[in-house]
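Enquirer: Input: one structure, supplied below.
None of the figures in this text is laboratory data; all of them are computed from the coordinates on show. All of these numbers come straight from a predicted model, not from anything done at the bench. When we count neighbours, we look across all protein chains shown, and the Cβ atoms used for this are built from the backbone with ideal geometry, even at glycine.
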Ligand SMILES: CC(C)(COP(=O)(O)OP(=O)(O)OC[C@H]1O[C@@H](n2cnc3c(N)ncnc32)[C@H](O)[C@@H]1OP(=O)(O)O)[C@@H](O)C(=O)NCCC(=O)NCCS
């Protein structure tokens, strides 16, 4: 498997020191607290919030900071979805913003930062299993919806969403509008 290099630092960029808000690549362990408090309250510990894909060389995590606190996160991993023809697909998982700062564009900053990183990685499509409550957010971020709602155990209704990225390799087109055979994951 090809290992990706990135020129993005794993700690807040020093040039951002002293600024109230910034966004950067963060280690997987820095996502667990928000995952637990915002996304997976049914879990019992930070340890349970670790995903098996978290530390793959093709996975990266983005965090937005406000006053040195991580207030929004997203995890981006290389994963092909057979519904799409694109050759270098990434999947977004565990996107969350702390309730106290929602609507302050921290989620948008996470997505925008990741899109730059995905450009470096020559990704041609980003997809996600979007919770019903977050569909409007993803639409604002330029994602499209495919198919009907499906149920993810414990979490609730989701729709498959995708965003074509501006540096397509071959393909990139949508393949199949029948989502009935899709495997479900814990988004
Ligand atoms: C979805 C979520 C990540 C959005 O984060 P956020 O930081 O509040 O979003 P932002 O402030 O960056 O919003 C960016 C834009 O999307 C809009 N937006 C945000 N959430 C929205 C929603 N649920 N429905 C419609 N629009 C929404 C904002 O109004 C803003 O629009 P604008 O640019 O016109 O002002 C956050 O609400 C959240 O953590 N929800 C709970 C967890 C969750 O469902 N995560 C997604 C799992 S698939």
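Enquirer: Using r as the Cβ-Cβ distance of residue 144 and residue 104, and R0 as 25 Å, what FRET efficiency do you calculate, to the nearest 0.05?
Expert: For R0 = 25 Å, the calculated efficiency reads 0.50.
Enquirer: Working from the pairwise distances between different alpha carbons, so that the mean of 1/r is found and then inverted, what is segment 14-124's Kirkwood radius in Å?
Expert: 14.6 Å
Enquirer: I need the Debye-formula profile for segment 91-142: one equal scatterer per C-alpha, no solvent, reported as log10 I(q)/I(0) at q = 0.13, 0.24 1/Å, two decimals.
Expert: -0.32, -1.05
Enquirer: Continuing with the same structure: Which of 158, 42 has the fewest other C-beta atoms within 10 Å, and how do the rest follow up to the most?
Expert: Result, fewest neighbours first: 42, 158.
Enquirer: Quick one: Debye curve from the C-alpha atoms of segment 59-175, no solvent, what's log10 I(q)/I(0) at q = 0.18 Å⁻¹?
Expert: Values, matching the q order: -0.93.
Enquirer: At residue 155 and residue 42, where each label point lies 7 Å from the Cα along Cα→Cβ, what is the point-to-point distance in nanometres?
Expert: So the two model labels end up 1.1 nm from each other.
Enquirer: By count of other Cβ within 10 Å, fewest leading, how are 31, 59 ordered?
Expert: 59, 31
Enquirer: Return 127, 40 ranked ascending by Cβ neighbour count within 10 Å, so the fewest neighbours appear first.
Expert: In order of increasing Cβ crowding within 10 Å: 40, 127.
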